[in-house]
Structure formats: structure tokens, C-alpha cells
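Q: The structure's right below; bear with me while I get my questions together.
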Amino acid sequence: MSTVVLEDAPAPAARGQCADGGPCGEGQRLGEIRLAALPSAAGTARRFAQRMLRTWGLDRIDALGDAAELVTSELVTNAVRAAIQAGQRPGNDAGPRGHRPGLVIIRLLVLRGSLFVEVWDADPAPPAPREPAADAESGRGLLLVAALSTAWNHYRLPAGGKVVWAELPARGRR
């Protein structure tokens, strides 16, 4: 199964754009990608995070790359599940078995020495961390996010859906 990329804007910071659409300030960077809510989106999001960190020269900071890839992957996996459960069906891009995929939006933002990973999905329900059984094969994603990030949370958007975000330190030894 392949990922349907609805829009790929991997390097807006290179074009001088930042979070507010204006020029990035010193040390600020922004990258965004929009993906169909398919199981393969997590892998595409990981590669996107790798590419952005490499482009921004942050891939040499101890453990940041691995942590950013894992946090991005976990948040996107949850967003894909939420988008599918919410029954979101935008656009005409057919997904598996003729179902129209939902959308997830991944943003990476470097600001004040931190890397923020933000993932939007259409489901307004808050993320629900849980304590999985020892032999469970899933359910540990938000526990990993909490362990790897300095902070994480979510917020709802007036236009709909929610953003789940995590903050990772972007300073360290190179």
C-alpha cells in the first residue's frame, strides 16, 4: 500500500516562510507535509523529519534525529487512527478499497532552541494515554512520546480537529 501525498511542502523555511507565513526569525525553521491518513503515512512522516533535520543541520545533535523520527511516527500513527475513526473523507483521492482517505498534517517547527512536532487530524477527541498490558502489541505510543519529549499536549482548533504536539530540545552536542 502506498501513501497518497496530498501536498508536500518540505522546506518553507528555505523560502523564508515561518509559522505565521512571514519570514522566519533567527533560529526559526518550519516544515510541513500533508498526507493521506493511511498506515504508510508514519513511514513517510519519519523520512520527512529526517530530511528536515538534515536540511536544517540539526541531524548532528545527539539523539535528536532518532527522537524526532520516533515521536513523529507515533503521533502520526495515532492521527491516522483518529482520522479513520472520525470517518473523515476529504477530496477525491481514493484510498484502499475505494475509501477516500482522511488527512493528517505534520509540522516541524524550530523555535527558541526546541523542535516542535505538531500533528493535526480531524478528530477533536483528545489523545488518551493508556497503560497497555505487558504482552500488548500496541498502546505505548504516547508513553514513548512523553519519555522522549520535554513536554507534549494537544489543543483543538476552531476550524475543527486537534493538534497533538511534542517539544524536543534542539540544542546539544554535535
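The values are calculated or read from the model by the stated rules, or taken from the named source; none is laboratory data. Please read all numbers here as calculations on a predicted model, not as lab measurements. Note: ideal-geometry Cβ built from the backbone for every residue, glycine included; neighbour counts use all protein chains shown.
Q: Could you run through the stretch 157-171 and say how many residues are of a type in the set (Lys, Arg) and more than 14 Å from Ile105 (Cα to Cα)?
A: 1
Q: For the stretch 41-57, which positions are touching a helix residue (DSSP H, G or I) at 6+ places or on another chain (Cβ under 9 Å) and either of a type in the set (Lys, Arg) or not in a helix (DSSP H, G or I) (or both)?
A: Result: Arg46, Arg47, Arg54, Trp56.
Q: Name the pairs whose Cβ atoms lie under 6 Å apart, with the first residue in the stretch 149-174 and surrounded by 12 or more Cβ atoms within 10 Å (Cβ to Cβ) and among the basic types (Lys, Arg), the second at pLDDT 85 or above and part of a loop (DSSP other than H, G, I, E, B), and 6 or more positions between them or separate chains?
A: The qualifying pairs are Arg156/Pro124; Lys162/Pro124; Arg171/Gly113.
Q: Sticking with this structure for a sec: Kindly list, by first and then second residue, each pair from a residue in the stretch 73-86 that is closer than 9 Å to Pro39 by Cα and touching a residue at least 60 places away in the same chain (Cβ under 8 Å) to a residue that is assigned to a helix (DSSP H, G or I) and among the hydrophobic types (A, V, I, L, M, F, W, C), limited to pairs with Cβ atoms under 7 Å and residues at least 6 apart or on different chains.
A: Thr77/Ala42
Q: Continuing with the same structure: Taking the stretch 46-72 only, how many residues are in contact with a Leu (Cβ under 6 Å, 6 or more places away or on another chain) and β-branched (Val, Ile, Thr)?
A: Residues in the stretch 46-72 being in contact with a Leu (Cβ under 6 Å, 6 or more places away or on another chain) and β-branched (Val, Ile, Thr): 1 in total.
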